[in-house]
Amino acid sequence: AKADGSGCLRFFEPANDTRMHERRVQEIDLRRAWAAREFELFFQPIMQVTTRRLVAFEALLRWRHPERGLIQPDAFIPLLEEIGLILPVGNWVLSEACRAAMLWPGAPRVAVNLSPVQLAHGGLVASVAAALEESGLAAARLELEITETVMMKENPATVVTLERLKALGVRIAMDDFGAGYSSLRSLQRFPFDKVKIDRSFVAGLGQSQQSEAIVRAVTGMCVSLGITSTAEGVETPEQLLAVEKEGCTEVQGFLFSRPIPEGQVPSLIGALAAG
Ligand code: C2E
Ligand code: CA
Ligand code: CA
Ligand code: CA
């Protein structure tokens, strides 16, 4: 075993060696990509259920690789986090999302995903404040999405950071609600403005009574707490009717639109407004 410089010990098995080499190659490629500005934001609409009107867009990161084409975030965000590059990239996402939202007709909100690494870093509140200030976006139009993994760390500083963010006037949403182990505990620790119901529950609607019961219970809880509930991953008209029946406030999913490049957002806003 030998220290790899990150403080953990690794065994030199051939397979592990190959993996470390691949990781190193991808790390170099990611650093190059950041310098070459190959990251882009796509946007996916979020609709209000009762009115079927557009209320927000979620910003979703993409990597436009010169040889490999468009790469989805699950394939590179973990490494961005591991090498710390998520901090500058995350700040860029915040600035870009706020800048883009300033150009949208009808002033929908914009939702930005935050990495646990960003939340653990002391500079987040200043970065969010700077993104609002530079763009001129009203704080009430910015929503920050975090997963419960952030709250699991039992770190009191996290709650303080979330409170300071809320004091700026932005909204805080819990992402992927129910997908992990301590969603309820997280809700108890911090007054979230919104819960995004994980799409694994939405996928089961119309197929399993369990999924229906769970979605109904979560939306009922949100009503009691006076917060918004968003159903993720709505792909069919049947799923839309089901989440409507269960009382979800907002919906997001391929039924309305896949995530699209920034340039296509104004025409999508027009199309959605026209019905
Ligand atoms: P997420 O925050 O849960 O984002 C929703 C994901 O579900 C997106 O995948 C979106 O394309 C996908 N989705 C939306 N509607 C549907 C649907 O109807 N059916 C199905 N099957 N999928 C749907 P995407 O864009 O690949 O993002 C994956 C994850 O990467 C995100 O999950 C989020 O955790 C992370 N991510 C994306 N952008 C950022 C970012 O800027 N910063 C950070 N820290 N994480 C990000
Ligand atoms: Ca999200
Ligand atoms: Ca989600
Ligand atoms: Ca997710």
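Within the range 66-107, track down each residue that is open to solvent by less than 10 Å² (accessible area, probe 1.4 Å) and either farther than 19 Å from Ala131 by Cβ or in a loop (DSSP other than H, G, I, E, B) (or both).
Once the filter is applied, which keeps residues that are open to solvent by less than 10 Å² (accessible area, probe 1.4 Å) and either farther than 19 Å from Ala131 by Cβ or in a loop (DSSP other than H, G, I, E, B) (or both), the range 66-107 yields only Phe76.
Looking at the range 222-275 only, could you name the residues that are touching a residue at least 24 places away in the same chain (Cβ under 8 Å), over 23 Å from the mean Cα position of the chain (by Cα) and under 30 Å from Ile71 (Cβ atoms)?
Passing the criteria: only Gly270.
Would you check which residues across the range 5-38 are part of a helix (DSSP H, G or I), of a type in the set (D, E, K, R) and at pLDDT 95 or above and list them? Spell out how you get there, then give the answer.
Here is the first cut: in the range 5-38, the residues part of a helix (DSSP H, G or I) are 14-35.
Cutting the leftovers down to of a type in the set (D, E, K, R) gives us 17, 19, 22-24, 27, 29, 31-32.
Residues satisfying the conditions are Glu27, Asp29, Arg31, Arg32.
Among helices (runs of 4 or more DSSP H) lying entirely in the range 156-275, which contain 3 or more residues that are of a type outside the set (Lys, Arg) and open to solvent by less than 20 Å² (accessible area, probe 1.4 Å)?
Numbers: elements: 156-168, 183-189, 199-203, 209-225, 237-246, 265-274.
Of the helices (runs of 4 or more DSSP H) lying wholly inside the range 156-275, those with at least 3 residues that are of a type outside the set (Lys, Arg) and open to solvent by less than 20 Å² (accessible area, probe 1.4 Å) span 156-168, 209-225, 237-246.
Name the single residue, out of those in the range 35-81 being in contact (Cβ under 8 Å) with a residue 24 or more places away in the chain, away from ligand 4 (no atom under 15 Å from the Cβ) and acidic (Asp, Glu), that is nearest to Ala120 (Cα to Cα).
The extreme case among them is Glu40.
Going by the conditions given, is Leu103 within 16 Å of ligand 3 (Cβ to nearest atom) and under 21 Å from Arg258 (Cα atoms)?
no
Do we have Ala35 as more than 21 Å from Pro73 (Cβ to Cβ) and more than 23 Å from the chain's Cα centre (by Cα) here?
no
Would you mind stating whether Leu61 is open to solvent by 10 Å² or more (accessible area, probe 1.4 Å), modelled with pLDDT of 95 or more and either of a type outside the set (S, T, N, Q) or in a loop (DSSP other than H, G, I, E, B) (or both)? Break it down into steps so the answer makes sense when it comes.
Working: open to solvent by 10 Å² or more (accessible area, probe 1.4 Å): yes; modelled with pLDDT of 95 or more: yes; either of a type outside the set (S, T, N, Q) or in a loop (DSSP other than H, G, I, E, B) (or both): yes.
Taking the combined requirement at face value, the residue satisfies it.
Identify all residues within the range 11-31 that are open to solvent by 90 Å² or more (accessible area, probe 1.4 Å) and within 30 Å of Arg258 (Cβ to Cβ); write none if there are none.
Selection gives Glu22, Arg31.
The values are calculated or read from the model by the stated rules, or taken from the named source; none is laboratory data. Every value quoted in this text rests on a predicted model; they were computed, and no experiment measured them. Ideal geometry is used to build each Cβ from the backbone, glycine not excepted, and the neighbour counts take in all protein chains shown. Heavy atoms of the whole protein, side chains included, go into the accessibility calculation; ligands, DNA and RNA do not. Shrake-Rupley method; radii C 1.70, N 1.55, O 1.52, S 1.80 Å.
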